[in-house]
Amino acid sequence: MIRNTCIAAAAALAIVQPALAQDTASGPLVLYTSQPDQDAQQTVDAFEAAHPDVEVEWVRDGTTQMMARLRAEFEAGQPQPDVLLIADTVTMESLKQENRLMSYLEADTEAYDAGLMDPEGHYFSTKLITTGIVVNDAAEMVPASYADLLDPAAANSIVMPSPLESGAATIHMISLTSLPELGWEYYQGLSDQGAIAQGGNGGTYQAVAGGQALYGFVVDFLAIRNAEAGAPVSFVFPEEGVSAVTEPAAILSTAQNPDAAKAFIDFLLSPEGQELAASQGYLPAHPDIAPPPGFPDRSEIDMIDFDPADALANDAAYKERFVEIFGG
C-alpha cells in the first residue's frame, strides 16, 4: 500500500513539475519585441511584478528590422532572445519551419479559438489587431460590407495600405481573396474604383481622417482610439468578417532560460495578461476578456480563417498578383 501511494505521489509530482518550474522562474530573460515602446515596458513591468525573481532585458524594433537582426545572430551562431513577441504568425511560421522555435504544448490555451494557436505549440497569439473599414464622417454611404466599397458612391475615395509594405495589409489581402464571394475579382474591382494602395496603416488612417479619402482599410485601434478622442471617423467590422494580425509570442529553441520563457508565455495568455492588452487599447485574444471602449463584444466580431503556412508558401505569388492589379 505504501509503495502504491509513493508511485501515485511521484506521478502527481511529475504532472505539476512544469508549472512549478515556471512559478519559481528566476534569472535573466531576453525579449525581442515589435510592440510599441510604451506597451513593451508595461508588459515587462507587469510580468516582473508577477515574477519578481526574473529580470527582463528587452529590445524593441519593427518586425522586419527585428527579424533582420535575429537572422544575423543565427548566422553568427549567437541568437540572443529567449522569447519573441512580434506582429504576425506568418513570420513565426517561417521560424517554426526552420526549427528555430521550441514547442510548449503545456501552455494553457483551452479558452482560445484553436485557429489562433499553432497546433504544435510553437507560437501563441496574444491579441487581435483586426483590419476593417475606416469611414470619414462626411461619407454619405456607410458600408456594411467590403462589397459596398464597389458602389459608385465610393469611386475615387478609397485608400489602403500596400501589401508590399505592410504585413497586416498582406494578411488582409490573403484573407479577403480567400473568400469565394470576393476573391481576386474584388481587388480588381477596387482598382477599377480608383483605390490607392500605398504605404502603411498610419498613412491610410491619416488620409481618411484628413478627408483626402472617405474610406480605407486600416487596423482597428487606429480608427477606434481616435474616434473615441473625437476624430471624424468610424470603424466598420464588415459582415464578411475581418482579418487580424495577432502579435504572437514564441520561445526560441536556443532559449537560455526556458522556464522563465514559459512563464512569460503563460503570463501573456493569462486573464491578467489579456486584461493588460485590453487596457492598452487592443482587442484581447481571450474571448472572455472585455474589449476596450469603442469595440463591440468579441462574440459580434467574425474572424476570417487564415492559414499562416499557406500564406508563407504562396507569399510571392500573392504579391505578384497584387502588382498585376495595382502596379508596384
Quick one: work out the % antiparallel among DSSP beta bridges in the chain, nearest 5. 60 percent
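Over all directions, how big on average is the projection of the convex hull of the alpha-carbon atoms in segment 43-90, in square nanometres?
Numbers: hull surface 16.6 nm².
Answer in nm², one decimal: 4.1.
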Here the net charge surrounding PRO36, from other residues whose Cβ is less than 15 Å away from its Cβ (Lys, Arg +1; Asp, Glu -1), is -2
Which peptide among 128-137, 188-197, 204-213 comes first, and what is the full order, when sorted by highest mean count of other Cβ atoms within 10 Å? 128-137, 204-213, 188-197
Neighbourhood charge, 12 Å Cβ-Cβ cut-off, centred on ILE325 and excluding it, Lys, Arg +1 and Asp, Glu -1: -2
Which value in nm describes the separation of the simple spin-label points at VAL142 and SER299, placed 7 Å from the Cα toward the beta carbon? 2.4 nm
Under 10 Å, Cα contacts only: if you run a Gaussian network model on the chain, which one of ALA111, ALA255, ALA229 comes out with the highest mean-square fluctuation? ALA229
Given N residues in the chain, what is Rg(Cα) / (2.2 N^0.38 Å)? 1.08
What is the spread of the Cα atoms of segment 135-188 along each of their three principal axes, largest first, in whole Å? 30, 25, 17
Residue separation times 0.36 nm, minus the C-alpha to C-alpha distance between GLU110 and ASP307: what's the value? 68.9 nm
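What percent do you get for the relative contact order of segment 243-328 when only Cα pairs under 8 Å and 6+ apart count? Walk me through the numbers before you get to the answer.
Values: 47 pairs, mean separation 16.5, N = 86.
Relative contact order of segment 243-328: 19 percent.
Work out which GluC sites (Glu not before Pro) in the chain are exposed loop sites (DSSP not H, G, I, E or B, at most 15 other Cβ within 10 Å) and give the longest gap free of them.
Values: sites that count: GLU98, GLU106, GLU110, GLU120, GLU140, GLU165, GLU181, GLU239.
Excluding the exposed sites themselves, the longest stretch runs over 1-97.
Less than 13 Å Cβ to Cβ from ALA155, Lys/Arg counted +1 and Asp/Glu -1: what total charge do the surrounding residues give?
-4
Rg over Rh of segment 195-276, using C-alpha atoms and the Kirkwood radius, what does it come to? Write out the running numbers ahead of the final one.
On the way: Rg = 18.0 Å, Rh = 15.8 Å.
Reported Rg/Rh (Cα atoms, Kirkwood Rh): 1.14.
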If one takes the longest principal axis of the Cα atoms in the chain, at what angle in degrees, from 0 to 90 and to the nearest 10, does the Cα axis of helix 37-50 lie? 30 degrees
Taking square-rooted eigenvalues a ≥ b ≥ c of the alpha carbon gyration tensor, is segment 185-328 rounded, prolate or oblate, where a/c under 1.5 means rounded and, failing that, a/b exceeding b/c means prolate? oblate
Per residue of segment 274-288, in order, report the coupling 6.51 cos²θ - 1.76 cosθ + 1.60 (Karplus, θ = phi - 60°) as ³J(HN,Hα) in whole Hz, putting x for Gly and Pro. 6, 5, 4, 4, 5, 5, 7, x, 10, 6, x, 6, 6, x, 9
Taking a straight Cα-to-Cα line shorter than 19 Å from LYS262, and setting aside same-chain lysines fewer than 8 residues away, one finds LYS96, LYS127
Cβ-derived FRET efficiency at R0 45 Å, ALA155 paired with SER94, nearest 0.05: 0.70
Compute a Gaussian network model of the chain, connecting alpha carbons closer than 10 Å, and tell me which residue from ALA311, ALA231, ALA169 fluctuates the most. ALA231
For the pair GLN65 and SER279, how long in nm is the line joining their label points, each one 7 Å along Cα→Cβ? 2.8 nm
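What fraction of the Cα pairs in segment 181-241, stated in percent, has a spacing above 16 angstrom?
Numbers: 918 of 1830 pairs.
Summing the P(r) of segment 181-241 above 16 Å gives 50 percent of all pairs.
Only the coordinates and a few stated rules stand behind these numbers; no lab work does. Note that this is a predicted model, so its numbers are computed, not measured. Counting neighbours? That spans all protein chains shown, and the Cβs are built from the backbone with ideal geometry, glycine included.
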